[in-house]
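Enquirer: One structure, pasted below without further comment.
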């Protein structure tokens, strides 16, 4: 499958018992099939967190995106929530969702400040972001 954003090949990546399609080594985006979104756990999101952190290539966020599953289907760009802070791309045919690099963190920030109940998959991502943020950036040094 081709990345909707940078056209690189998507690679399968295991995460928390799931297999997702990731633009690993490209723009850092991740494709979630409709059924995958319903089962995203904090463990899976934690595993994928590093991909969202370090994209290798930049893409134009305003360019139309093609669904990697449905031939010739343009993804609909829509707001993640009524707060209209983060846009995501969703296929009107298969229900899959594309998240660009950085959208993970922005969704987390939006959930933290929102008074609106997010979808289950977004809650799992927020929990994962909190776990990652709580981990030390490097192993503690022992007194020597």
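Enquirer: Filter the range 16-25 for residues that are buried (at least 21 other Cβ atoms within 10 Å of the Cβ) and out of contact with any strand residue (DSSP E or B) (no Cβ under 6 Å at 6 or more places or on another chain) and give the result.
Expert: 23
Enquirer: For the range 1-26, which residues satisfy the criterion of being modelled with pLDDT under 85 and either closer than 12 Å to residue 98 by Cβ or in contact with a helix residue (DSSP H, G or I) (Cβ under 6 Å, 6 or more places away or on another chain) (or both)?
Expert: 15, 16, 18, 20
Residue-by-condition table, conditions (1) at pLDDT 75 or above; (2) farther than 16 Å from residue 36 by Cβ:
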| residue | (1), (2) |
| --- | --- |
| 85 | yes, yes |
| 88 | yes, no |
| 96 | yes, no |
| 110 | no, yes |
| 123 | no, no |
| 133 | no, yes |
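The values are calculated or read from the model by the stated rules, or taken from the named source; none is laboratory data. Source: prediction; values computed, not measured. All Cβ positions, even for glycine, are placed from backbone atoms using ideal geometry, and neighbour counts span all protein chains on display.
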